[in-house]
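Down below is the structure, laid out as structure tokens.
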Amino acid sequence: MSDATTAGIPIDRYTLFRVFKYTVYLLLVFNVGAFFLENHAVAAAVFADGVQPGRVIEAYNDSIDTLAWVILLLVFELETFVLPDHMLRGGVKWSLNAISAVCYLFIVYSFYGYVVEMISLGQLLPNLQPVCELAAQGGWSLVQEADDYVALTTANCAALGSGETLRLAGAQVLGSVDSWHSIQRLAWTDVINAGAWLLLVAVLAFDVWLQLRHELSNRIMHYSRMIKALLYFTLLLCALYWGINGTFLDFWDAFLWLVAFFCIEMNLFQWQAETCAEPAVQTG
């Protein structure tokens, strides 16, 4: 971008916006740790024999995905706000591209992990054995809602009643039909959300590429905004669904990401406005 200036914005509002923006970024960094703790607790229940190296991405999908996104977000911040245009070339440019490429690799792999998780949650088998007998055997877990697993005991087995229960194929995890269906819908939401974010950053990266070439015209920006508005709306629906049917952490994380990328959009808007104004300054 061009050198950071107030661009006609009063310094108090300009500073306030920066404080707000970096506070959001710090909260997202904190979420990486929160997701790791949540994933670790779930992995202990689902992967009774330990997490094999090939299934790490499946077990810690949320934390790996969030970490990659945080790093990519910081790259976008450097490109659209922090670094002046003359520095976004040569070694700096290639270094940022290399970091972005690694992040994209993990993000796509995490998307694959969400798809795998969604497919695995579709592999449910009817439980033909009395629930309390399984509780007496030990080693079984009871899923109550997404990412909420507790040990199946003789004290809580009666809570399932006499209704139909399903178990997860390849794991000693049991749950009611309603619980599993709710978890499956949330898994679908994960896939839709991750796919929408992939498309969104692809469009945003294209915008940044054009801006560095001074080819991001108002017409292109108009169509770009239309596409991104549809994607942001999809992401907002996912966030609202998590807020109603999911966990608070999922909703809070989704909300923070929408705010964070709104800040990146504001960076890009200001960057493009400054670039368009440069010829007028030079000839005036």
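The values are calculated or read from the model by the stated rules, or taken from the named source; none is laboratory data. Quantities reported herein were computed from a predicted structural model and do not represent experimental measurements. Cβ atoms come from the backbone with ideal geometry, glycine included; neighbour counts cover every protein chain shown.
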When the residues of the stretch 156-174 are filtered to those that are farther than 10 Å from residue 140 by Cβ and polar (S, T, N, Q), which remaining residue is modelled with the highest pLDDT? 165
Which numbered condition residue 51 fails, given (1) loosely packed, with under 13 Cβ neighbours inside 10 Å; (2) assigned to a loop (DSSP other than H, G, I, E, B): (1)
Residues located in the stretch 149-162, provided they are crowded, with 16+ Cβ neighbours inside 10 Å and in contact (Cβ under 8 Å) with a residue 24 or more places away in the chain: 149, 157, 160
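Residue-wise test of (1) touching a Cys at 6+ places or on another chain (Cβ under 6 Å); (2) among the small types (Gly, Ala, Ser); (3) free of Cβ contacts under 8 Å to residues at least 40 places away in the same chain; (4) not in a helix (DSSP H, G or I).
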residue	(1), (2), (3), (4)
56	no, no, yes, no
67	no, no, yes, no
71	yes, no, yes, no
94	no, no, yes, no
100	no, yes, no, no
103	no, no, yes, no
So, residue 144, is that one closer than 22 Å to residue 241 by Cα, touching a residue at least 24 places away in the same chain (Cβ under 8 Å) and not assigned by TED's automatic domain parsing to the domain that holds residue 58 or not? yes
Examine the stretch 200-209 for a residue that is in contact with a helix residue (DSSP H, G or I) (Cβ under 7 Å, 6 or more places away or on another chain) and closer than 28 Å to residue 167 by Cβ, and state whether such a residue exists. no
Considering only the stretch 99-120, I want to know if a residue exists there that is at pLDDT 90 or above and among the polar types (S, T, N, Q). yes
